[in-house]
Amino acid sequence: MAKVREQVALSDFTTLRLGGPARRFVEAATDEEIIAEVRSADERGEPMLILGGGSNLVISDDGFPGTVIHVATKGIRRDDAGSANGSGGVAVTVAAGEDWDAVVASCVAERLAGLECLSGIPGLAGATPIQNVGAYGQEVAETITLVRAYDRERGDVVELPARDCGFGYRTSAFKRSARSVAALDGWGGFTGTFVVLNVVFGLNRSPLSRPVRYRELAHRLGLAEGERAPLGDVRAAVLGLRRGKGMVLDPGDPDTRSAGSFFTNPILDAGQYAALQGVVAARCGPDVSIPRYPADAGYVKISAAWLIEQAGFRKGYTGQEGTSEGAGSPGLPGARISAKHTLALVNPGGATAASLLGLAREVRDGVRDVFGVDLATEPVVVGDSL
């Protein structure tokens, strides 16, 4: 039977260490417990939040007025047949409650290629399809073959092949189906139409990684883009890069008390990119180039971190209320931009969800005012809004 408690502090379950109490908090260790609790909350018409690792989640200081279901399911199964990736394929079925980085580490150790660039990402495996988790040139959409989920509309468990998951840049059909009365946690499950129970990844048996497509990672490994490297070397390099940006959880490092990248890299069409080039030339000089990444034909993905910095928001910035000049100090309490990575907003101690969201609004609006580009928020905000 699921363990039920009341008035549980949600700050203990988010990587930001922010969030007020849950009225009702359920620890669900089996698929059956998850389904029963979801059905019960739906029958009561009660607000519901499916909580995983809490690493992509901002919960208001007022907390959550309904039921929070904390996913704690376990289990990993490997089958040599059934991979969609050809010879040497292995289908790896992972329960929603499994720690994501532990899954990646085990696959690397067993010489299963396809997830190695996703090392060090905090949270649980079950929500990786929701956000289409990606980093350093890999996305889970490249390897997911099947998602098993509870369909709240039908009241039944369904199996969705990858083609029906609607994957896009940091999004999916799961994320887009979220109900307006609910909220989702992009790393640990969600309360949209579907509640993820298991995810199947199609990996390849190989001592070498998939081709390394991300320039920074290739440089770290001493490779040309598109070359391959031993899986362990790629994992170690990714972890090193992430630690340098405060993106690997470390209790002794306040810069890791974040929700990861707070904004996604904007994807612009040709007209929008041309307009941005004109603004950048006028503001920064005609020879300044905008950092950009591969995107679909006709579109350009640009660096959100670069836009934020060029708009005047530097590492360690605490917001207009941080100091009289507006340029805060990393040593001050309260929400601030990470001292290591411009895309991360952190709680070094003493912050509130309200102060963090206030800083997010300031950064978002500042980039829009300077460059005319709207930054999309990556973490999910529960009980408040930007």
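Quick one: in the range 342-386, which of the residues that are modelled with pLDDT of 95 or more and assigned to a strand (DSSP E or B) is farthest from TYR169 (Cα to Cα)?
VAL346
Within the range 116-154, count every residue that is more than 26 Å from ARG257 (Cβ to Cβ), part of a helix (DSSP H, G or I) and small (Gly, Ala, Ser).
Residues flagged as more than 26 Å from ARG257 (Cβ to Cβ), part of a helix (DSSP H, G or I) and small (Gly, Ala, Ser) within the range 116-154 amount to 1.
Could you check ILE35 against (1) assigned by TED's automatic domain parsing to the domain that holds VAL133; (2) over 19 Å from the mean Cα position of the chain (by Cα); (3) touching a residue at least 40 places away in the same chain (Cβ under 8 Å) and say which number it fails?
Here ILE35 clears every test but (1).
Please state which of the following conditions LEU118 fails to meet, knowing it meets all the rest: (1) over 16 Å from GLY202 (Cα atoms); (2) buried (at least 23 other Cβ atoms within 10 Å of the Cβ); (3) at pLDDT 95 or above.
(1)
Can you confirm whether GLY63 is surrounded by fewer than 24 Cβ atoms within 10 Å (Cβ to Cβ), within 27 Å of ARG220 (Cα to Cα) and either at pLDDT 95 or above or not basic (Lys, Arg) (or both)?
Against the criterion (surrounded by fewer than 24 Cβ atoms within 10 Å (Cβ to Cβ), within 27 Å of ARG220 (Cα to Cα) and either at pLDDT 95 or above or not basic (Lys, Arg) (or both)), GLY63 does not qualify.
Can you say whether GLU37 is on the phi < 0 side of the Ramachandran plot, part of a loop (DSSP other than H, G, I, E, B) and among the acidic types (Asp, Glu), as far as the supplied structure shows?
So GLU37 does not fit the description; no.
This table checks each residue for (1) within 21 Å of LEU356 (Cα to Cα); (2) modelled with pLDDT under 95; (3) buried (at least 24 other Cβ atoms within 10 Å of the Cβ).
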residue: LYS3; (1), (2), (3): no, yes, no
residue: SER11; (1), (2), (3): yes, no, no
residue: PRO21; (1), (2), (3): yes, no, no
residue: ASP31; (1), (2), (3): no, no, no
residue: GLU37; (1), (2), (3): no, no, no
residue: GLU46; (1), (2), (3): no, yes, no
residue: GLY53; (1), (2), (3): yes, yes, yes
residue: ASN56; (1), (2), (3): yes, yes, yes
residue: ILE76; (1), (2), (3): no, no, no
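Among (1) under 30 Å from VAL94 (Cα atoms); (2) in a loop (DSSP other than H, G, I, E, B); (3) outside the structural domain of ALA105 (by TED's automatic domain parsing), there is one condition GLY260 misses while meeting the rest; what is its number?
Condition (2) is where GLY260 drops out.
Enumerate the pairs (first residue in the range 340-358 and in contact (Cβ under 8 Å) with a residue 40 or more places away in the chain and over 23 Å from ARG242 (Cα atoms); second residue anywhere and surrounded by fewer than 24 Cβ atoms within 10 Å (Cβ to Cβ) and among the β-branched types (Val, Ile, Thr)) with beta-carbon separation below 9 Å, excluding pairs fewer than 6 apart on the same chain, so at least 6 apart or on different chains.
Cβ pairs passing all conditions: ALA353/VAL381; LEU357/VAL381.
Out of all the residues in the range 277-298, which are without any contact (Cβ under 8 Å) to a residue 60 or more places away in the chain and of a type in the set (Val, Ile, Thr)?
Answer for the range 277-298, where residues must be without any contact (Cβ under 8 Å) to a residue 60 or more places away in the chain and of a type in the set (Val, Ile, Thr): VAL288, ILE290.
Somewhere in the range 279-300, is a residue outside the structural domain of ARG111 (by TED's automatic domain parsing), within 26 Å of the chain's Cα centre (by Cα) and crowded, with 20+ Cβ neighbours inside 10 Å?
So far as the range 279-300 goes, yes, one or more of its residues are outside the structural domain of ARG111 (by TED's automatic domain parsing), within 26 Å of the chain's Cα centre (by Cα) and crowded, with 20+ Cβ neighbours inside 10 Å.
Got a sec? Which of TYR136, TYR150 is over 23 Å from VAL104 (Cβ atoms), of a type in the set (Phe, Trp, Tyr) and touching a Lys or Arg at 6+ places or on another chain (Cβ under 9 Å)?
Going through TYR136, TYR150 in turn, the sole match is TYR150.
Would you please list the contacts, defined by Cβ atoms under 6 Å and residues six or more apart or on different chains, that run from a residue in the range 299-316 that is acidic (Asp, Glu) to a residue that is modelled with pLDDT of 95 or more and in a loop (DSSP other than H, G, I, E, B)?
GLU309/THR342
Given the options THR93, THR15, THR73, name the one that is polar (S, T, N, Q) and assigned to a strand (DSSP E or B).
THR93
The values are calculated or read from the model by the stated rules, or taken from the named source; none is laboratory data. In this text the structure is predicted, and so the values were computed from the model without any measurement. Positions of Cβ are backbone-derived with ideal geometry, glycine not excepted, and every protein chain shown enters the neighbour counts.
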